[in-house]
Amino acid sequence: MQTCLEQTTSHELRITSHETFAVAVSGGPDSMALLLLAKSWIEKNDGRLAALTVDHGLRPESAGEAEQVKQWCRKLGVEHHTLNIQDSGFRIQANIQEAARNARYALLAGWCKANHVPHLLTAHHRGDQAETLFFRLARGSHLRGLACMGAVSEMHGIRLVRPLLGISKKSLVDFLRAQQQPWIEDPSNRNLDYTRNAIRARLQSLADADDIEARAYAVTQALGRFRAALDKKVDAAFAQTVILSGDGIATIDSAGFAALPPEIALLVAGKLIQTLTQDDHPPRTMKLERLRNWLAVPNDKPASLGHLSFQYRKKQGIIEVFPEAPPLTQAKASPI
């Protein structure tokens with residue numbers, strides 16, 4: 001496992017020593033194992049490590065769990081900070097898991113930026129990757145999305161590093177037991193009302209669960225290579241067909257966009273929305289497909305998606321894109 005951390009940092013981050021990392025630590029077995037591994041790696045490479053725990057406040061025990069992590073970090077000699085999720089403006093919503101996740105990452109990235117820490121380690125492992133694959137399959141994700149989590153990605157201007165993606169949870173638990181390091185079990189992970197938990201429970205109930213998990217991970221690795229190659233084509237097509245004007249405004253070359261292969265056009269539309277809205281993820285594939293079809297054959301009635309309005313200017317041969325706050329005299333946009 002230590003080798004996995006070393007390979008991710010040296011090969012994908014091109015980092016050797018004297019770097020600063022934060023590690024997200026909930027107190028669960030995955031993040032506690034990562035904490036121990038990261039501490040060992042940092043000590044060997046003369047770096048700095050800070051552990052961050054988000055107190056989500058969704059269970060009465062959360063404050064006590066954050067305090068327990070703080071005590072474990074103190075014993076290990078690791079700098080620790082507790083971040084309160086209420087400080088992020090979090091509000092309970094219908095999809096509480098997604099809302100809590102977004103608020104958690106906003107807090108973690110905010111702390112990193114405020115403290116000039118460029119890298120955030122998270123403890124996503126092989127089982128998490130398999131769950132994400134099946135979760136996205138169920139939601140009808142594009143092939144690009146089925147590559148799931150990358151070992152290194154960007155989030156809110158921070159480099160997100162997942163060095164344990166190829167490691168099983170059982171290996172992490174065995175490692176903690178060998179180190180005699182306790183951990184916290186989150187009871188909400190057993191709530192089958194949440195889709196991810198239900199997928200996890202179903203996978204774990206299968207006799208060949210470990211083989212399925214390993215195969216799912218191999219699929220995401222192959223799709224990750226496909227995504228990297230596809231992204232180069234999308235970036236080139238984006239540069240040829242889109243002009244960014246600042247303030248959330250852009251112009252699309254209508255004829256140029258219509259000439260793109262359908263799948264490339266779909267991803268260009270997604271990239272445009274993400275770029276203008278600064279969202280971490282593009283809209284759902286079905287919505288993007290409807291927008292792509294409109295962009296390929298636009299009409300006088302504006303379209304909208306991602307709180308953006310798309311207006312066809314036939315004489316100029318362009319499509320204008322701007323935040324969805326149209327003047328009262330403008331025709332109402334058709335939602336995608």
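Points to keep in mind about this one:
- Hey, residue 220 in contact with a Cys (Cβ under 8 Å, 6 or more places away or on another chain), of a type in the set (Ser, Thr, Tyr) and outside the structural domain of residue 313 (by TED's automatic domain parsing) or not: yes
- Note on the stretch 220-249: among residues that are touching a residue at least 40 places away in the same chain (Cβ under 8 Å) and in contact with a Phe, Trp or Tyr (Cβ under 8 Å, 6 or more places away or on another chain), the one that is farthest from residue 165 (Cα to Cα) is 249.
- Taking each residue of the stretch 275-293 that is over 17 Å from residue 101 (Cβ atoms) and looking for partners that are of a type in the set (Ser, Thr, Tyr) with beta-carbon atoms closer than 8 Å, six or more apart or interchain, yields 285/141.
- Qualifying positions in the stretch 220-273 - under 25 Å from residue 130 (Cα atoms) and of a type in the set (S, T, N, Q): 220, 221
- Contact annotation: residue pairs with Cβ atoms under 8 Å, 6 or more positions apart or on different chains, pairing a residue in the stretch 154-169 that is farther than 18 Å from residue 52 by Cβ with a partner that is small (Gly, Ala, Ser) and part of a loop (DSSP other than H, G, I, E, B), are 165/151.
- Screening residue 286 on (1) modelled with pLDDT of 95 or more; (2) exposed (fewer than 14 other Cβ atoms within 10 Å of the Cβ); (3) of a type in the set (A, V, I, L, M) shows it passes everything except condition (1).
- If the condition is being closer than 18 Å to residue 101 by Cβ and outside any helix (DSSP H, G or I), then the stretch 129-156 contributes 139, 141, 148, 149, 150, 153, 154, 155, 156.
- Test: residue 43 is over 23 Å from residue 169 (Cα atoms) and either out of contact with any Phe, Trp or Tyr (no Cβ under 7 Å at 6 or more places or on another chain) or not hydrophobic (A, V, I, L, M, F, W, C) (or both): yes
- Residue within the stretch 203-212 that is among the acidic types (Asp, Glu) and either in contact (Cβ under 8 Å) with a residue 40 or more places away in the chain or in contact with a Cys (Cβ under 9 Å, 6 or more places away or on another chain) (or both) present: yes
- Enumeration of residues in the stretch 270-319 that are assigned to a loop (DSSP other than H, G, I, E, B), of a type outside the set (D, E, K, R) and over 19 Å from the mean Cα position of the chain (by Cα): 297, 298, 299, 302, 307, 316, 317
- Residue check, residue 136 of a type in the set (D, E, K, R) and touching a residue at least 60 places away in the same chain (Cβ under 8 Å): no
- Only one of the listed residues (33, 50, 103) is outside any loop (DSSP other than H, G, I, E, B), modelled with pLDDT under 90, in the same structural domain as residue 169 (by TED's automatic domain parsing) and surrounded by 15 or more Cβ atoms within 10 Å (Cβ to Cβ). That residue is 103.
- Any hit, the stretch 272-282, residues being in contact with a helix residue (DSSP H, G or I) (Cβ under 8 Å, 6 or more places away or on another chain), at pLDDT below 95 and not charged (D, E, K, R): yes
- Counting only helices (runs of 4 or more DSSP H) that sit wholly inside the stretch 159-269, those with at least 2 residues that are surrounded by 12 or more Cβ atoms within 10 Å (Cβ to Cβ), at pLDDT 95 or above and among the aromatic types (Phe, Trp, Tyr) are 209-241.
The values are calculated or read from the model by the stated rules, or taken from the named source; none is laboratory data. Everything quoted here is computed from the prediction, not taken from an experiment. Here Cβ is always computed from backbone atoms with ideal geometry, including for glycine, and neighbour counts include all displayed protein chains.
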